[in-house]
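Input: a single structure, listed below in structure tokens.
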Amino acid sequence: MTERETRRLSPDAGGVAEAAAILEQGGLVAFPTETVYGLGADAGNGRAVAGIYAAKGRPSFNPLIVHVLDAESAERLAEVPRQAADLMDAFWPGPLTLVLRAREGAGLSPLVMAGLPTVALRAPAHPLARDLLREVGRPLAAPSANPSGRVSPTTAQHVLAGLDGRIDAVLDGGACPVGVESTILALDPVPRLLRAGGLPVEALEAALGERIAMDTSPERVAAPGQMASHYAPEGSLRLEALAPEPGEVMLGFGEVPGRLTLSASGDLQEAAANLFGHLHALDAMGAGRIAVAPIPDRGLGRAINDRLRRAAAPRG
Ligand code: TXA
Ligand code: MG
């Protein structure tokens, strides 16, 4: 995380164009949605997405919501079953996030999904968010624009109070009209409520013509990194390794070389961007035993180590 000047952009065509230019270069821009301010980055740029985690100071990787303009853009990123299409028709743009199976090769950074096979998609209704998505022409990863552990911001002042100097810009669109986060529904394929939010669940039930099971256990929503379904490689992991033992495949970092390397230069943002892609690649090459180089336990390194320790823990 590098200190930088955080620019305040005005809610007009010029401000939106500036914001889009920063995002296209891999920068971080907070922008208003109808629910809360999001901290946006190009969802296809792993380094930029890693920057979101660094700016928020998250000690773990949580999957992020990907913002799109409409159902058609969603269709390019995920498999959209009939029920999901109906809900998009009824409630998009608006405060509804749908968790769907991601399409492989759609260009999303695996870090956006924290390695999961599903992606959370939402089409925001705020005119500035829509102008920005149109101008960038790419999906934007955007969690709420607050430091980890703090409440979601509903004004540009809130954003700056938490993230000034840690992000490139905030697009100031005044107060968010809804003020609470989006409702999150998983459809895999049975509908499951993951987070109550701006769209009442009754409205979803009326649209689907069925009751929706609540899955709002704190672990499920606050820390999906602890979910049993969370991504872990098939192979076993040995952490803090300086060299591979016979039969091990080495995942390197910095001075410690490997078959795959998270970052040869020891750059934690690059390492975060590569983490899930490399774990998947090790699975794909059939690595049964993986030795992982030590990662410094500071900044993004804490989130990387958290993920590696979970993946290394004995599984039942
Ligand atoms: O209203 C909102 O949804 C705001 C605005 C900016 O759009 N965004 C927001 O994002 O609240 P965030 O990152 O603070 O919350 C995202 C939630 C997290 O609890 C995360 O665990 C969940 O969405 N989530 C994202 N992808 C998921 C997935 N594939 N499976 C399960 N949960 C997922
Ligand atoms: Mg949040």
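Read the figures in this text as sums done on the coordinates, not as results from a lab. A quick note: this is a predicted structure, and the numbers were derived from the prediction, not measured. Cβ placement follows ideal geometry from the backbone for every residue including glycine, while neighbour counts extend to all protein chains displayed.
Numbers at a glance
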read-out: Other-chain or far-sequence residues with amide H under 5 Å of Arg238's (modelled H); value: Ile290, Ala291, Val292
read-out: Radius 15 Å from Cβ of Leu208, net charge of other residues (Lys, Arg +1; Asp, Glu -1); value: -3
read-out: For the stretch 7-214, size of Cβ-based charge dipole, Lys and Arg +1, Asp and Glu -1, in debye; value: 640
read-out: For the stretch 145-200: span of alpha carbons on each principal axis (Å, largest first); value: 42, 22, 17
read-out: The chain, Rg to Rh (Cα coordinates; Rh as Kirkwood inverse mean 1/r); value: 0.98
read-out: Built amide H within the under 5 Å cut-off of Thr118, gap 5+; value: Ala102
read-out: Positive minus negative residues near Gly288 (Lys, Arg vs Asp, Glu; Cβ under 12 Å); value: -1
read-out: Phi to ³J(HN,Hα) by Karplus 6.51 cos²θ - 1.76 cosθ + 1.60 over the stretch 167-180, Hz, x for Gly, Pro; value: 10, 7, 6, 10, 8, 8, x, x, 7, 7, x, 7, x, 10
read-out: Signed unit charges on C-beta, dipole axis of the chain, positive-most listed residue Ala281, Ala169, Leu193; value: Ala281
read-out: Three principal axis lengths of the stretch 236-312 [C-alpha, angstrom, descending]; value: 31, 22, 17
read-out: Least to most buried among Glu270, Glu104, Glu181 (fewest other Cβ within 10 Å first); value: Glu104, Glu270, Glu181
read-out: On Cα atoms only, tilt of 13-24 relative to the major axis of the chain in degrees; value: 20
read-out: Whole-angstrom gap from the stretch 42-119 to the stretch 148-187, using each part's C-alpha centre; value: 18
read-out: Under 5 Å, built H, 5+ apart or other chain: amide partners of Val99; value: Leu121, Leu185, Ala186, Leu187
read-out: Under the Karplus curve 6.51 cos²θ - 1.76 cosθ + 1.60, θ = phi - 60°, whole-Hz ³J(HN,Hα) for the stretch 35-41, x wherever Gly or Pro sits; value: 8, 9, 6, x, 9, x, 8
read-out: Total formal charge among the other residues, if their Cβ is under 14 angstrom from that of Trp92, Lys/Arg +1 and Asp/Glu -1; value: -4
read-out: Dipole moment magnitude, nearest 20 debye, the stretch 241-316 about Cα centre, only Lys, Arg, Asp, Glu C-beta charged; value: 280
read-out: Percent RCO, i.e. relative contact order, over the chain, from Cα pairs under 8 Å lying at least 6 residues apart; value: 23
